[in-house]
Amino acid sequence: MADKPKKPILPTLTRLAADSLVETIDGPVEIVKLVGKVMPVLTRFPDGRVGFRMMTQIRELESDAELLRLTNADGQMIRVGVDHVFVRAGGEEVRAGDLTEGDELESGWTYPAGYELPDAEEYAADVRGKPWSTPVVVRSIESGERGPLYGFSVKETKSYFLTFGAQSRAQE
């Protein structure tokens, strides 16, 4: 019996630190715990609906790389490589290393027009009781030290959402 040829490994635009949380069908999971597996990941379809597609070829890309620590308006933090590709609120792709404080990134969730966030402590103080704003706003960018980087591919949509809230590109 002949060996079945392996599928080629697709180039990836993802550069996540080991502790980065990805929105999977099982909820937020650190990318390092998914290496070598296949897992449904949250994505947005061309018609705007949100759903799941398979995340494949989950692997370590580099063993030691420069990391950035991004914090959003809600206080959530993620560490990514400088070449990690996010999607801006207008749909344009942007490398993490090219982001500046105040940049708006495409969000993985939304509420109906006019929805106001509750005045509750689980929300960041600067958004409580205010109308919902869809974009994920980058509040700070700092050195995230050094560490390994992980990447993967996503079937069909080629994009996915991080628990940080922002949409990222998996491949072109």
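The values are calculated or read from the model by the stated rules, or taken from the named source; none is laboratory data. Worth saying up front: this structure is predicted, and the values here are computed from it rather than measured. Every residue, glycine among them, receives a Cβ derived from its backbone with ideal geometry; neighbour counts consider all protein chains shown.
Tell me, yes or no, whether region 50-61 has at least one residue that is over 20 Å from residue 140 (Cα atoms), in contact with a helix residue (DSSP H, G or I) (Cβ under 7 Å, 6 or more places away or on another chain) and surrounded by 19 or more Cβ atoms within 10 Å (Cβ to Cβ). Spell out the reasoning first.
From region 50-61, those over 20 Å from residue 140 (Cα atoms) are 50-61; that's our starting set.
When the remaining residues are screened for being in contact with a helix residue (DSSP H, G or I) (Cβ under 7 Å, 6 or more places away or on another chain), the result is 58.
So of that shortlist, the ones also surrounded by 19 or more Cβ atoms within 10 Å (Cβ to Cβ) come out as 58.
Yes, region 50-61 contains a residue that is over 20 Å from residue 140 (Cα atoms), in contact with a helix residue (DSSP H, G or I) (Cβ under 7 Å, 6 or more places away or on another chain) and surrounded by 19 or more Cβ atoms within 10 Å (Cβ to Cβ).
Would a scan of region 106-113 turn up a residue that is in a loop (DSSP other than H, G, I, E, B), out of contact with any strand residue (DSSP E or B) (no Cβ under 9 Å at 6 or more places or on another chain) and closer than 18 Å to residue 153 by Cα? No - not one qualifying residue is present in region 106-113. Among the residues in region 103-116, are any modelled with pLDDT of 95 or more, surrounded by fewer than 16 Cβ atoms within 10 Å (Cβ to Cβ) and either β-branched (Val, Ile, Thr) or in contact with a Lys or Arg (Cβ under 8 Å, 6 or more places away or on another chain) (or both)? Among the residues of region 103-116, not one is modelled with pLDDT of 95 or more, surrounded by fewer than 16 Cβ atoms within 10 Å (Cβ to Cβ) and either β-branched (Val, Ile, Thr) or in contact with a Lys or Arg (Cβ under 8 Å, 6 or more places away or on another chain) (or both), which makes the answer no. Reported count of residues in region 121-172, each being under 26 Å from residue 34 (Cα atoms) and not in a strand (DSSP E or B), is 10.
Hey, among the residues in region 8-40 that are in a strand (DSSP E or B) and free of Cβ contacts under 8 Å to residues at least 12 places away in the same chain, which one's surrounded by the fewest Cβ atoms within 10 Å (Cβ to Cβ)? Spell out how you get there, then give the answer.
Going through region 8-40, the residues in a strand (DSSP E or B) turn out to be 16-17, 21-24, 27-30, 39-40.
Going one step further and asking which of them are free of Cβ contacts under 8 Å to residues at least 12 places away in the same chain, we end up with 27, 29.
On the way: 27: 10, 29: 18.
Of everything passing the filter in region 8-40, 27 is surrounded by the fewest Cβ atoms within 10 Å (Cβ to Cβ).
Any residue that is at pLDDT 90 or above, surrounded by fewer than 21 Cβ atoms within 10 Å (Cβ to Cβ) and either within 20 Å of residue 18 (Cβ to Cβ) or under 13 Å from the mean Cα position of the chain (by Cα) (or both) - is there at least one of those in region 126-139? Scanning region 126-139 turns up no residue that is at pLDDT 90 or above, surrounded by fewer than 21 Cβ atoms within 10 Å (Cβ to Cβ) and either within 20 Å of residue 18 (Cβ to Cβ) or under 13 Å from the mean Cα position of the chain (by Cα) (or both). When residue 136 is tested against (1) over 26 Å from residue 63 (Cα atoms); (2) β-branched (Val, Ile, Thr); (3) touching a Lys or Arg at 6+ places or on another chain (Cβ under 7 Å), only condition (3) is not met. Restricting attention to region 61-80, the residues that are more than 17 Å from residue 152 (Cβ to Cβ), part of a strand (DSSP E or B) and either of a type in the set (D, E, K, R) or under 13 Å from the mean Cα position of the chain (by Cα) (or both) total 7. None of 83, 47 is within 19 Å of residue 160 (Cβ to Cβ), modelled with pLDDT of 95 or more and assigned to a loop (DSSP other than H, G, I, E, B) except 83. Annotation note: Cβ proximity below 8 Å between a residue of region 121-145 that is within 22 Å of residue 68 (Cα to Cα) and a residue that is modelled with pLDDT under 80 and in a strand (DSSP E or B) (sequence gap 6+ or interchain) occurs for no pair.
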